[in-house]
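All of the numbers you see were taken from the coordinates with simple rules; none came from a lab. On a predicted model such as this, the values are computed, not experimentally measured, just so you know. Note that we place each Cβ from the backbone using ideal geometry, even for glycine, and neighbour counts take in every protein chain shown.
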Amino acid sequence: MQRWRDMADIPDDWGRSVVTIGSYDGVHRGHQLIIGRAVAFGREFGVPTVVVTFDPHPKEVTRPGTHPPLLATHDRRAELMAGLGVDAVLVLPFTQGFSQLSPSEFVVKLLVERLHARAVVEGPNFRFGHRAAGTVETLAELGKTYDFDVHVIDLFAPGGAADGEPLSSSLARRQILEGDVAGASRVLGRPHRVEGTVVHGAHRGRELGIPTANLDTVRYAAVPADGVYAGWLLTEAGERLPAAVSVGTNPHFHGTRRTVEAYALDRTDLDLYDQWAAIEFQSFVRGQESFDSLDALMERIAEDIRQVRGLTREG
């Protein structure tokens with residue numbers, strides 16, 4: 001799969017293509033419906049399929065300080081899109097200048113002059129151009145002028161709704177921030193993942209015989225609500241280990257800094273410092289607690305591990 005960081009990276013001899021445009025944060029099941037349909041059209045027409053997304057999120061440019069929590073890094077999104085059969089991903093720098101393009105300028109510069117769109121596939125709420133003035137109806141009218149078809153995918157289609165809401169990044173973010181990682185998994189089609197670099201923490205876990213990988217998460221990561229979770233620790237070496245995950249400030253030890261750390265069950269030999277790692281969240285186990293004694297804390301941790309062992313075995 002080809003990856004481009006700017007329109008200038010698109011090969012000069014690039015022919016016609018099927019295109020879909022959006023933030024595509026999380027590449028959730030709704031996104032998968034849209035991208036899957038685009039890939040199907042691309043194969044039907046015998047042309048490549050291109051996904052266009054943005055960095056940073058448009059909200060951070062149009063309303064600084066409102067960048068939403070991210071469900072996936074751009075590398076992770078590209079990996080997921082490649083698995084869906086996408087031929088190229090264009091990550092456009094979203095700048096103030098770009099945000100000023102009118103809907104027609106946006107279409108001409110991107111879809112007509114660079115990607116030579118044969119068809120464009122979008123969800124019903126797709127907006128584009130200055131002040132998000134362009135709609136799918138606008139896009140369809142421009143398609144008539146510039147010779148491309150527009151296909152709108154209904155996210156309430158079979159398999160496309162969750163708890164009475166359309167599948168959306170907003171729904172997944174809300175569930176994650178509430179600690180409902182199981183609900184978010186149903187929207188995403190897989191466990192929610194948080195990535196980062198393993199850094200040194202207070203080393204309390206190691207002193208207690210349960211060493212944890214303390215993750216310095218990527219900027220804007222959607223970190224679940226404080227609590228203990230069942231999940232998996234993914235290492236740079238390619239291991240996927242069942243893990244008890246703690247998110248929060250460690251109130252028993254009067255902590256103030258929020259951390260995300262994972263204990264890989266039965267593994268005390270891991271040395272992951274300064275390496276990439278990721279945590280996948282399967283199930284919420286309990287909220288944060290402070291205990292009357294260290295013995296009470298250790299008893300609770302032992303019970304947490306027992307529950308996590310069962311949950312990850314089932315998952």
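Estimated at 0.36 nm per residue, the fully extended path between Glu239 and Tyr273 surpasses their Cα-Cα distance by 10.7 nm.
Scaled against the 2.2 N^0.38 Å expected of a compact globular protein of N residues, the Cα radius of gyration of the chain reads 1.12.
Of all DSSP beta bridges confined to the range 1-158, the antiparallel ones make up roughly 5%. On the basis of the beta-carbon distance and an R0 of 22 Å, Glu137 and Leu177 show a calculated FRET efficiency of 0.10.
Taking label positions 7 Å along the Cα-Cβ direction at both Gln307 and Leu208, the computed distance is 1.5 nm, reported to one decimal.
Placing a label point 7 Å from the Cα of Arg127 along the Cα-to-Cβ direction, the residues of the range 82-115 with a backbone N closer than 16 Å are 99-104. Annotation: peptides 18-27, 89-98, 4-13, ranked by per-residue average of other Cβ atoms within 10 Å with the highest first, follow the order 18-27, 89-98, 4-13.
Using DSSP to call loops (not H, G, I, E or B), can you name the GluC sites (Glu not before Pro) in the range 202-301 whose Cβ has at most 14 other Cβ atoms within 10 angstrom? Those satisfying the criteria are Glu236, Glu239, Glu289. Kirkwood hydrodynamic radius of the range 1-85, from the reciprocal of the average inverse Cα-Cα distance over all distinct pairs: 13.9 Å.
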